[in-house]
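Visitor: Please find one structure pasted underneath; my questions will follow.
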Amino acid sequence: MPHASPPRRRLLGAALALLLTAPLAACGGGGDGTADGADTRLTVLAAASLTDVLRTAGAAYEKEHERTRVRFSFAGSQELVAQVRQGAPADVLVTADTDSMDTLAGRTGDPAVVARNRLVIAVAKGNPERVGGLADLARPGLKVVLAAPEVPAGRYAREVLDRQKAEVTSVSDEPNVRAALSKVELGEADAGLVYATDAAASDRVDTVVVPDKQNVDVAYPAAVLKDSAHGKAAAGFVEWLNSPAARRVSSAIRRSRR
């Protein structure tokens, strides 16, 4: 019988062990843009799927760096790219795919991957529709929600479905993965392809694991924006995301959700 995902501990271990994967190259940027004695305020534009992890990481960073405050603005990666192109004042950009970051070549320092993720199928608690895998998402009458195709999560979802030749029509193309998950939480969709981290953070859905051979490796690059007024501080924050201290934050989140 199809069933929901393995025990939540395993899912959380896979989902939240994602952070902080590779040493960073220098990220560029100028001075910190603050007067002597003034606090540095960093604005980080980040993919919506990193909301929980980065908020916790930001709080830990502020404790270690008492003169720095970190403000996050979370949205779909395509929205973040548009904000940068429109000149939104910000210091760091973290997208949910390398393609989105690459469209801003010349506007950022060298990007480096700071996190990874995977896709899972989110279903209502108890999995009442008995969804067992990607093929089931093509069943007639099953209401499936995806992020919009221009959103990384939407592109990833359609990629894995196409590879399995599962013809799925989304009942609602959502602007980011959090919005897609919300449709399942509210009962407006029977299932949705979302990131493992987002599903793990919700106590209103169960999950069906997508096997590795059918899945995608989701990489999150981070970079300092060249227009940042706090280049050195921004580079320091991005570098910190790959530090042992940041990895401890990820481990603490994992333990708290078991």
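Visitor: Go through (1) modelled with pLDDT of 90 or more; (2) surrounded by 20 or more Cβ atoms within 10 Å (Cβ to Cβ); (3) out of contact with any Cys (no Cβ under 8 Å at 6 or more places or on another chain) and name the single condition residue 4 misses.
Guide: The number of the failed condition is (1).
Visitor: Sticking with this structure for a sec: Could you run through region 48-90 and say how many residues are outside any helix (DSSP H, G or I) and either hydrophobic (A, V, I, L, M, F, W, C) or open to solvent by 10 Å² or more (accessible area, probe 1.4 Å) (or both)? Give the steps one after another, and end with the answer.
Guide: The initial filter retains those residues of region 48-90 that are outside any helix (DSSP H, G or I), namely 65-76, 86-90.
Still in the running and either hydrophobic (A, V, I, L, M, F, W, C) or open to solvent by 10 Å² or more (accessible area, probe 1.4 Å) (or both): 65-75, 86-90.
Number satisfying all stated conditions: 16.
Visitor: Can I ask one more? Taking region 149-192, which residues are of a type in the set (Asp, Glu) and under 20 Å from the mean Cα position of the chain (by Cα)?
Guide: 150, 159, 173, 174, 185
Visitor: Another question about this same structure. Does residue 136 fit the bill of being surrounded by 24 or more Cβ atoms within 10 Å (Cβ to Cβ) and in contact (Cβ under 8 Å) with a residue 60 or more places away in the chain?
Guide: It is false that residue 136 is surrounded by 24 or more Cβ atoms within 10 Å (Cβ to Cβ) and in contact (Cβ under 8 Å) with a residue 60 or more places away in the chain.
Visitor: Among the residues of region 112-128 satisfying the criterion of being under 16 Å from the mean Cα position of the chain (by Cα) and not hydrophobic (A, V, I, L, M, F, W, C), which is surrounded by the fewest Cβ atoms within 10 Å (Cβ to Cβ)?
Guide: My answer is 116.
Visitor: Follow-up question, since we're still on this one. Look at region 205-232 and say how many of its residues are in contact with a strand residue (DSSP E or B) (Cβ under 8 Å, 6 or more places away or on another chain) and open to solvent by 20 Å² or more (accessible area, probe 1.4 Å).
Guide: 5
Visitor: Can I ask one more? Looking at (1) modelled with pLDDT of 95 or more; (2) crowded, with 24+ Cβ neighbours inside 10 Å; (3) farther than 17 Å from residue 159 by Cα, which one does residue 192 not meet, given that it meets all the others?
Guide: Exception for residue 192: condition (3).
Visitor: Also: Please count how many residues of region 138-159 are part of a loop (DSSP other than H, G, I, E, B) and closer than 10 Å to residue 180 by Cα.
Guide: First, pick out the residues of region 138-159 that are part of a loop (DSSP other than H, G, I, E, B): 139-143, 148-151.
After this cut, where a residue has to be closer than 10 Å to residue 180 by Cα as well, the list is 148.
Matching residues across region 138-159 total 1.
Visitor: Across region 78-124, what is the total count of residues that are of a type in the set (S, T, N, Q), more than 24 Å from residue 240 (Cβ to Cβ) and in contact (Cβ under 8 Å) with a residue 12 or more places away in the chain?
Guide: 2
Visitor: In region 38-95, which residues are of a type in the set (Phe, Trp, Tyr) and more than 24 Å from residue 202 (Cα to Cα)?
Guide: Result: 61, single match.
Visitor: Please go through region 139-168 and pick out each residue that is surrounded by fewer than 23 Cβ atoms within 10 Å (Cβ to Cβ) and at pLDDT below 95.
Guide: The one that is surrounded by fewer than 23 Cβ atoms within 10 Å (Cβ to Cβ) and at pLDDT below 95: 150.
Visitor: Exactly one of these conditions fails for residue 237: (1) open to solvent by 20 Å² or more (accessible area, probe 1.4 Å); (2) farther than 23 Å from residue 124 by Cβ; (3) touching a residue at least 40 places away in the same chain (Cβ under 8 Å); (4) of a type outside the set (A, V, I, L, M). Give me its number.
Guide: (1)
Visitor: What are the residues in region 209-224 that are farther than 21 Å from residue 151 by Cα and under 19 Å from the mean Cα position of the chain (by Cα), if any? Give the derivation first.
Guide: Narrowing region 209-224 to residues farther than 21 Å from residue 151 by Cα: 209, 211-213, 224.
Across region 209-224, the qualifying residues are 209, 212, 224.
Visitor: Looking at (1) β-branched (Val, Ile, Thr); (2) over 21 Å from the mean Cα position of the chain (by Cα); (3) part of a strand (DSSP E or B), can you tell me which one residue 131 breaks?
Guide: If we test residue 131 against (1) β-branched (Val, Ile, Thr); (2) over 21 Å from the mean Cα position of the chain (by Cα); (3) part of a strand (DSSP E or B), just (3) comes out false.
The values are calculated or read from the model by the stated rules, or taken from the named source; none is laboratory data. Keep in mind the model is a prediction, meaning the values are calculated, not measured. Note: ideal-geometry Cβ built from the backbone for every residue, glycine included; neighbour counts use all protein chains shown. Keep in mind that these areas ignore ligands, DNA and RNA; they rest on the heavy atoms of the full protein, side chains included. Shrake-Rupley method; radii C 1.70, N 1.55, O 1.52, S 1.80 Å.
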